[in-house]
Amino acid sequence: MCGIVGAIAQRPIAALLLEGLKALEYRGYDSAGVALLENGVAQVVKTAGKVAALEAKVKESGCDGHLGIAHTRWATHGKATEVNAHPHQVGNVILVHNGIIENYQELKKKLSAEGYTFKSETDTEVLAALIHYYQHRDLKPDSSLKIHTSKFNAFNQALNEVQGTYGVAMIDSENPDTLYVARSGSPLVVGCGIGENFVASDIIALLPVTSKFIYLEDGDRGIIGRDHIMLFDRDQVQVKRAVQSIQVNPEILGKGQYKHYMQKEIFEQPEALRNTLMGRLADDNVSAEAFVAQGQNHPQDFLEVLKDIEHIEMVACGTSYHAALVGKYLLEEHAGVSTNVTIASEYRYKRTIVPPKSLFVTLSQSGETADTIAALELAQSQGYSQTLAICNVDNSSLVRMSQYVFLTRAGREIGVASTKAFTTQLLALMLLTIALGRGRGEIDANTGASLINALHQSPAVVQSVLKLDAKLEQLSLDFVGKEHTLFLGRGPMYPIALEGALKLKEISYIHAEGYASGELKHGPIALIDSKMPVIVVAPDNIWLPKLISNIEEVKARGGKLYIFSGKNFGHSDEATMFDLGTISPFIAPIAFTIPLQLLAYHVAVINGTDVDQPRNLAKSVTVE
């Protein structure tokens, strides 16, 4: 979602800020802006649309400076217009903001009564006005601070009054030597330099200028100068946060030989799976090092913890939710543990019954999904035995909050439509299934060894399935002009059908729905005609005979069938067939995901959509 970049330096920074925004474009946005301060004069340049348009306007204006902030906005309050774009300026106060100020209407009414007028429809302008308001009231200085006490006190006073989530970077035209920052529920990182410092919502924006980062904790606020970084918690107690060195090969962040990041990330999946497995498998079980304990207030060996677990509650959003649904099938079938899966945005607002000895599991690519974080915060007060995060980003909020962590090692995922993060989440859940089943005695040594062997094969299996790419590119021509598509699957392939439908709809803008194929006669069959493509996920498993009966029902109504099958399915003259070969049922969810990703990608390319940044979508949904 929205992106923040800020800098204070001895060198001009306009180009640096714009390059940072370009690095954050993958998150999704609809407008952009930059504010630069030089010699006490602030220049704000904004535009609806892409960063390239902003760059042209900045070049035309000739503005630059040694202190500045920049932003890419994904509209929440107010349309995607130039006036609603960030930064927002009220007098000397200029800021950018990720998140949502939930009580902004109440604050706006209060400030309007004090004589403030507003140009935009945003909640962010209200926050800027609130800070300005407190700057011009007689606040008692905080004697513990040595510099700019009145400015920082006003900043704190305003933030203490707002409700909601925020990552904030602010500059003040009356104070050309300081960048103010704050984080509550929306990620923010400080980049450390020599004679210069930076801030961003993602380290990717700062990798060209520094490899040293400070991850702000929830509630942190800070004063950043060229040569100093002062951080305080929400009680204004000065704190020190660890400086972490992070090295990332810039080539990893490029597209290489591929046309789109999504295409590149689909083809990176064999490597992502190998990396996720590395060092985590024993002969007939998962190694103890696979799950990392956070802190000292719980047992360090997660495999021992699992022996006492009798129920699992999983929460996630979007693609991660589909992974969790597959996990439910695996955990109940192989580990014999009752498992419930809830969409994170629903979890907070329903009554939850927590059985004894329950494990709370969250899944997220970014580790910054607001609803998932909020669900974890609630769960921590509900009596769960332990919490586990399955996540792709180390140092993310979800990782830091959880008692145990499984990092998926998918590598940075730039495309908005998740691919390799999804399949590595599936792999993580398969590892959890084996570890739990072995610990509880539901999986014996021989079965454990067999399942471990299947996991070892998963990278090679995916590599083989990727060879279908050219055929799927040709198949995508069948979808030109199509408006609807139905995806069918049974058992653990039902969530894969859901995921296939999601991929197609989110990047090609074709309406698609995934269904458990046994539900055909309960409604969806009414939609089937010769114009309706029906995609069936049909591996060789215990559900296959029933699935074949559902396929016959589609044939009888003239539906256009595309079947992704296992080796024993056979042939059908009335369907387009793709044989994926002999694949262990345990890893079939991973293997059968791949052709659905490829199909969605090629259909989107033919339809001419923005594959990596589909409309209205963001990579990480950091607001409710």
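The values are calculated or read from the model by the stated rules, or taken from the named source; none is laboratory data. Everything numeric here is computed off the predicted structure, so don't read it as measured data. Every residue, glycine as well, gets a Cβ built from its backbone with ideal geometry; the counts of neighbours run over all protein chains shown. Only protein heavy atoms, including side chains, enter the accessible area calculation; ligands, DNA and RNA are left aside. Shrake-Rupley method; radii C 1.70, N 1.55, O 1.52, S 1.80 Å.
Computed values, structure above
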item: Unique match (being open to solvent by 20 Å² or more (accessible area, probe 1.4 Å) and either over 19 Å from the mean Cα position of the chain (by Cα) or without any contact (Cβ under 8 Å) to a residue 40 or more places away in the chain (or both)) among 217, 196; result: 196
item: Cβ pairs under 7 Å, 6+ apart, first in the stretch 400-413 and at positive phi, second of a type outside the set (D, E, K, R); result: 409/272; 409/275; 409/276; 409/424; 411/252; 411/272
item: From 458, 397, 418, residue being at pLDDT below 95 and under 25 Å from residue 562 (Cβ atoms); result: 418
item: Among residues of the stretch 345-389, those that are polar (S, T, N, Q) and assigned to a loop (DSSP other than H, G, I, E, B), counted; result: 8
item: Of residues in the stretch 516-530 being in a helix (DSSP H, G or I), over 14 Å from residue 494 (Cβ atoms) and among the hydrophobic types (A, V, I, L, M, F, W, C), the one least open to solvent (accessible area, probe 1.4 Å); result: 525
item: Matching entry among 506, 519, 513 (being of a type outside the set (Gly, Ala, Ser) and free of Cβ contacts under 8 Å to residues at least 12 places away in the same chain); result: 519
item: Residue match in the stretch 255-265 (condition: closer than 25 Å to residue 496 by Cα and among the aliphatic types (A, V, I, L, M)); result: yes
item: Subset of the stretch 176-193 [at negative phi and either open to solvent by 10 Å² or more (accessible area, probe 1.4 Å) or basic (Lys, Arg) (or both)]; result: 176, 177, 183, 184, 187, 192, 193
item: Residues satisfying the stated conditions in the stretch 23-61, i.e. more than 14 Å from residue 73 (Cα to Cα), in a helix (DSSP H, G or I) and among the acidic types (Asp, Glu); result: 55, 60
item: Cross-chain or 6+ apart pairs with Cβ under 8 Å, the stretch 463-485 first and closer than 19 Å to residue 501 by Cβ and part of a helix (DSSP H, G or I), then open to solvent by 80 Å² or more (accessible area, probe 1.4 Å) and among the charged types (D, E, K, R); result: 478/560
item: Residue 122 touching a Leu at 6+ places or on another chain (Cβ under 7 Å), open to solvent by less than 60 Å² (accessible area, probe 1.4 Å), touching a residue at least 40 places away in the same chain (Cβ under 8 Å) and not aliphatic (A, V, I, L, M); result: no
item: Scan of the stretch 542-566 for residues that are open to solvent by 30 Å² or more (accessible area, probe 1.4 Å) and farther than 13 Å from residue 576 by Cα, ordered by number; result: 542, 543, 545, 546, 548, 549, 552, 553, 556, 557, 558
item: Cross-chain or 6+ apart pairs with Cβ under 6 Å, the stretch 319-347 first and at negative phi, then aromatic (Phe, Trp, Tyr); result: 319/422; 323/422; 343/321
item: Strands (runs of 3 or more DSSP E) contained entirely in the stretch 62-108, each with at least 3 residues that are in contact (Cβ under 8 Å) with a residue 60 or more places away in the chain and either open to solvent by 10 Å² or more (accessible area, probe 1.4 Å) or closer than 23 Å to residue 13 by Cα (or both); result: 67-73, 93-101
item: Subset of the stretch 448-481 that is open to solvent by 60 Å² or more (accessible area, probe 1.4 Å) and among the polar types (S, T, N, Q) - its residue that is nearest to residue 505 (Cα to Cα); result: 474
item: Which numbered condition residue 15 misses (of (1) among the hydrophobic types (A, V, I, L, M, F, W, C); (2) within 23 Å of the chain's Cα centre (by Cα); (3) outside any strand (DSSP E or B)); result: (2)
item: Residue 557 vs. criteria touching a residue at least 12 places away in the same chain (Cβ under 8 Å) and closer than 26 Å to residue 333 by Cα; result: no
item: Residue within the stretch 241-255 that is surrounded by 13 or more Cβ atoms within 10 Å (Cβ to Cβ) and closer than 16 Å to residue 168 by Cβ present; result: no
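Residues are listed down the side, and each one gets a yes or a no for (1) surrounded by 21 or more Cβ atoms within 10 Å (Cβ to Cβ); (2) over 17 Å from the mean Cα position of the chain (by Cα); (3) within 23 Å of residue 498 (Cβ to Cβ); (4) basic (Lys, Arg):
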| position | (1), (2), (3), (4) |
| --- | --- |
| 380 | no, yes, no, no |
| 384 | yes, yes, no, no |
| 393 | yes, no, no, no |
| 398 | yes, no, yes, no |
| 430 | yes, yes, yes, no |
